[in-house]
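Every number here is computed from the coordinates shown, using simple stated rules; none is lab data. Since the structure is predicted, the reported quantities are computational estimates derived from the model, not experimental observations. When we count neighbours, we look across all protein chains shown, and the Cβ atoms used for this are built from the backbone with ideal geometry, even at glycine.
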Amino acid sequence: MQIPEAMRPLVRVWSHRNYACFMGGMSPALITLWMQRIGMLWLAWELTKSNTWVGVIVAVDYAPMMILAPFVGAFTDRVNPITVQKVAQVLNLVLSAVMAALTFAGLMNIWLLLVLSLVLGCLHPFNAISRHAIVPNTVPKEEIPTALATDSALYNVARFIGPAFAGLLIEFAGVGYTIAANSVGCAFYLLGLFAMRLEFPDRKGHSSANMLGDIAEGLAYVRGHAGIGPLFLLMTIGAIWIRPLQDLLPGFADQVFQAGPSGLGILTAAMGVGATIAAALVAMYARTTGLVLAVMLAFLLNILATLAFVGTSYLWVSVLFGALWGGTLTMMSTGTQALVQSSVDNSIRGRVMSLYTMIYRGAPFLGAIIIGWAADRIGLQLAFAIAALLCVLPWLNAIRKRGSMTLALEGRGNDLDARLLATSRAWAGLAHEQIVDLRIKAAPIAGHVRTGAKGLVTRVRGLRVGDRLQALLQRRD
């Protein structure tokens, strides 16, 4: 079977050995990571029945990213990020095993969970930032957008497979198994990492002799960039006020929808389905033209999806809006990453992507604490509705800068008609090739149908039904 044109970049990117080894090992680990994450959030809710405590667990998981990310970014630019990734995965494996053992033994309490979540949170910057540094170096430069979007698509496939498995395991076996599974996932990841053959020859090129100078250089680069600076600022607003929705889903599943752990799995899976579709569209688009406008529109739709999600008390209605929420969030984050990774210099990539990671993975802890505290007083739905409305003015401010951002990140003018056309293609992706492919496949079937219809008409005419009916009526008269 011929591969549709839009699907070829997705297939081609897997032909690169290092990319295939890295993603092949990481994919099972992403599923088990999401299983553990859902298990930890449900465990916090089960131990306390408090949105505030769930928010605190989220915060200690995210907060180290805010503190450590700039230093880890500078460190990653100086060393081989594959080595950093290997060490991080070994430590993740050990911590998951310890946490599972405590849960199975009945020794886990909210304070132990808090400490272990904090330790895991300290590993996240090393894991995430080294990953961002590795992926663009496993493929040629022209294939970076596809490689990044495929990475995001796999991450988001795990986002609905992992929670679905986690919901079933919690329901029928116990929350400890969701955590134990992550140790197995980390082992698979390590196999892929050790199978890679990738060198980073430019790890020593720095204008500053110390790490603080490297961090300052990275911040100055982002602040002075006409595209990256405004894009990162908009991402920060969304990360604080909208992204915690996913982290506080246990309260929605139990309090708002009365659906328990299976409801939590369904809601998280719905968000993951939407996110996967969005990431796949970016991967098939395989270009950066039009992505600035796509990111802007995705942010606006994400605000609207949040308001719609918190505005209903029906689980299956919220599932639809949850899918839209996950898709628009991923369109924004994956589009942003593709734009930044395609334009940033390799010598400063780790520091720039450390800021991206700090925003995407670190900033939500502020919102999780504030919204979790407010939810225990005014309710989850009202708390998130207010948070979403706080994002409207920053979006209006960012859309005014669309022209300069497009020039800086896409390298082209800001003709709105061209941008809308490119953006529609970024969202639609496969549509044209699917239609052409479907038309080719349908042609023989249509031919058979036409031949059959002509034969039927001929038989009907041969029966001379009209003449017989007229003769019958004449006899009755």
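3J(HN,Hα) along the range 308-318: 5, 4, 7, x, 10, 10, 9, 4, 6, 5, 5 Hz, from the Karplus curve 6.51 cos²θ - 1.76 cosθ + 1.60 with θ = phi - 60°, whole Hz, x for Gly and Pro.
In which sequence would F126, F309, F71 go, from the one with the fewest C-beta neighbours within 10 Å to the one with the most?
F71, F126, F309
Relative to the present Cα-Cα distance, how much length would full extension add between S313 and E171 at 0.36 nm per residue of separation? Show your work: numbers first, answer last.
Details: separation 142, 0.36 × 142 = 51.12 nm, distance 2.25 nm.
Going from the current span to full extension adds 48.9 nm.
Between S343 and E46, the modelled label-to-label distance comes to 4.6 nm, taking each label 7 Å out from Cα in the direction of the beta carbon.
Once the other residues with Cβ under 10 Å from the Cβ of P261 are scored (Lys, Arg +1; Asp, Glu -1), what is the net sum? Mind dumping the intermediate values first?
Working: positive: none; negative: E46, E171, D254.
Result for the neighbourhood of P261: -3.
Computed over the range 5-429, the P(r) tail beyond 37 angstrom holds 18 percent of alpha carbon pairs. By the Cα gyration tensor, the range 49-175 has an equivalent ellipsoid whose semi-axes, rounded to whole angstrom, run 30, 19, 14 from largest to smallest.
For A20 and A226, calculate 0.36 nm times their separation in residues minus their Cα-Cα distance, and state this gained length in nm to one decimal. Could the numbers behind the result be given before it?
Values: separation 206, 0.36 × 206 = 74.16 nm, distance 3.43 nm.
Gain on stretching A20 to A226: 70.7 nm.
Note on S183, S262, S130: ascending count of other Cβ atoms within 10 Å places them as S262, S183, S130, the fewest first.
Scanning residues 5 or more positions from A259 or on other chains, those with amide H under 5 Å from its amide H are D254, with H placed 1.01 Å from N in the peptide plane. Just how far, in whole angstrom, is the range 15-44 from the range 329-383 if you go by their alpha carbon centroids? Distance between centres, Cα-based: 19 Å.
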